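First up is the structure itself, then whatever we jot down about it.
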Amino acid sequence: MAFTDLLDALGGVGRFQLIYTALLLLPCALLACHNFLQNFTAAVPPHHCQSPTNYTATNDSEAWLRATVPLNQHGVPEPCQRFTEPQWALLSPNTSVHRAATEPCKDGWIYDRSIFPSTIVMEWDLVCEARSLRDLAQSIYMAGVLLGAAVFGSLADRLGRKAPLVWSYLQLAVSGAATAYFNSFSAYCIFRFLMGMTFSGIILNSLSLVVEWMPTRGRTVAGILLGYSFTVGQLILAGVAYLIRPWRWLQLAVSAPFLIFFLYSWWLPESSRWLLLHGKSQRAVKNLRLVAMMNGRKEEGERLTMGVVCSYVQSEFASARSSNSVLDLFRSPAIRKVTCCLMLVWFSNSVAYYGLAMDLQKFGLSIHLVQALFGIIDIPAMLVATTTMIYVGRRATVASFLILAGLMVIINMFVPEDLQALRTAQAALGKGCLASSFICLYLFTGELYPTEIRQMGMGFASVHARLGGLAAPLVTTLGELSPLLPSMGFGATSVLAGLAVLCFLTETRNLPLVETIAALERRVKEDLSKKDTTEKSEEISLQQLGASPLKETI
């Protein structure tokens, strides 16, 4: 008997699982807002140099702008240059000035505030020579996500899933409010780093809690719902950013709700799987009785004892280690193959996803509309992913989406640039495939790793995803050598990852979660034994066919 059999006996996918999942996925939706928040808080509006004098008397400010700031080939004021002296001759019709001396903007910039009344770019003048600081802020956020994946993944296996999750909610609420409060760019970067750490703490522990409280038949839908929560989060961000334009108020609006999540998360029960694995049977039984009561199985819950619960998991937990380290991810052959393959797959999926996401930002539309489109485009892709994961399997779904996305990117290299609609459609399809494979990977990874190292394994895999996110801009810079190199890199890594999934990972659809490394090794050996038996049976059948009377007659 397995632990999932006990959950089925207590109501299966009942009221407890539905409410528990909803309470965990709501924060994940708002978490997606933070992942894309800098698209709005760091938006770069049209801008030009401040005039070299305090000239404000005339009503003809447009004429003064023409005389002090050069225009580019499109007739738009240059953002980073101004004339050293006003060129009054430009105010005369059909008059041009050649080789007039220019200089950088020494007195600051004037920004177009018609769409965004304030952003960090306006507040700290992150333009021209300082424009790289804007990208630095996002890189610092991703570095926080990277560190958080390593830290919270390890802590969750030692302290439980709930404690790091509760702390992450509080840290995000406080650091988000601090980001909106302080007036220093350095402070902004520090608190964005802390917010990035909480991204990993929330997403990894939320998924593990949902998966470990869900019976086998409900895990696929629960994992896909996590993906839809990110889609909803992108749509929420588009709407909130449209209504709240000042960056500080927008930052506060998407951070304050996490204080509410922090308060109610104290009442969420810890994973009974983790409690049983660490010898806390009494708390596990108490939580399971709560599950039984909420699912309308109160009598079954009252009959639960530590002996009954342990009988379901005794064989699974018998070989559990009391303490774990990252070396456990490479200790045995089966777990080593899983870890090495997932390192490649997570990195490749991430580098291709963020590489495509950077290209998709070149829509000539409203930034709020583009953000909504990024969210909507994932819906049909995830519907297909949900269906194939349920009826076909995890391995085929992840591999197919990765290979399809890679092929879309590679094919896009040969589409003429004047066919912009076709290029955009192919890039959008690739982005949707990669977003879906990302969500499938979260569920697939959680099912591949045993309970005793599940969080550590997911954290380790997530670290490689963040490395992919950091590597994507570097791959993009290869376009300076050849325009084909970035697309070739993104497409090839995605196809390679899909093939690796098919060759090295096993299917987990409709299988109970493995609790220990030893149990995983036994399952792999049983699968190999069944495979050998099948091959021998087929060989015997072929030999019998070869010796048949029909062949002798011929």
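The values are calculated or read from the model by the stated rules, or taken from the named source; none is laboratory data. Remember, it's a predicted structure, so these values are computed and weren't measured experimentally. Counting neighbours? That spans all protein chains shown, and the Cβs are built from the backbone with ideal geometry, glycine included. These area figures cover heavy atoms from the full protein model, side chains too; ligands, DNA and RNA do not enter into them. Shrake-Rupley method; radii C 1.70, N 1.55, O 1.52, S 1.80 Å.
Exactly one condition in (1) open to solvent by 60 Å² or more (accessible area, probe 1.4 Å); (2) at pLDDT 85 or above; (3) of a type in the set (D, E, K, R) is not met by residue 447; state its number.
(1)
Looking at (1) part of a helix (DSSP H, G or I); (2) over 29 Å from residue 217 (Cβ atoms); (3) of a type outside the set (D, E, K, R); (4) out of contact with any Phe, Trp or Tyr (no Cβ under 7 Å at 6 or more places or on another chain), which one does residue 416 not meet, given that it meets all the others?
The single condition residue 416 does not satisfy is (1).
Could you grab the pairs with beta carbons closer than 7 Å, sequence gap of 6+ or different chains, first residue in segment 35-57 and modelled with pLDDT under 80, second one part of a helix (DSSP H, G or I)?
Every condition considered, the pairs that remain are 51/64; 51/68; 52/68; 55/64.
Conditions first: (1) in contact with a helix residue (DSSP H, G or I) (Cβ under 6 Å, 6 or more places away or on another chain); (2) open to solvent by 10 Å² or more (accessible area, probe 1.4 Å). Residue 461 passes all but one, so which condition is the exception?
Result: residue 461 fails condition (2) only.
Test residue 263 against the criterion of being aliphatic (A, V, I, L, M) and modelled with pLDDT of 85 or more, and give yes or no.
In short, yes.
Filter segment 251-296 down to the residues that are under 30 Å from residue 37 (Cα atoms), without any contact (Cβ under 8 Å) to a residue 40 or more places away in the chain and assigned to a helix (DSSP H, G or I) and list them by number.
253, 260, 263
Counting only residues that are of a type in the set (Phe, Trp, Tyr) and surrounded by 21 or more Cβ atoms within 10 Å (Cβ to Cβ), which one in segment 355-414 is modelled with the lowest pLDDT?
Filtering segment 355-414 for residues that are of a type in the set (Phe, Trp, Tyr) and surrounded by 21 or more Cβ atoms within 10 Å (Cβ to Cβ), the one modelled with the lowest pLDDT comes out as 374.
Name the single residue, out of those in segment 452-510 being in a loop (DSSP other than H, G, I, E, B) and out of contact with any Leu (no Cβ under 8 Å at 6 or more places or on another chain), that is modelled with the highest pLDDT.
Result: 507.
Which residues, taken from segment 265-295, are of a type outside the set (A, V, I, L, M), within 30 Å of residue 179 (Cβ to Cβ) and touching a Leu at 6+ places or on another chain (Cβ under 7 Å)? It would help to see each step written out before you state the result.
Applying the first criterion (of a type outside the set (A, V, I, L, M)) to segment 265-295 yields 265-267, 269-274, 278-283, 286-287, 289, 295.
Then drop every residue that is not within 30 Å of residue 179 (Cβ to Cβ), which leaves 265-267.
Matches in segment 265-295: 265 only.
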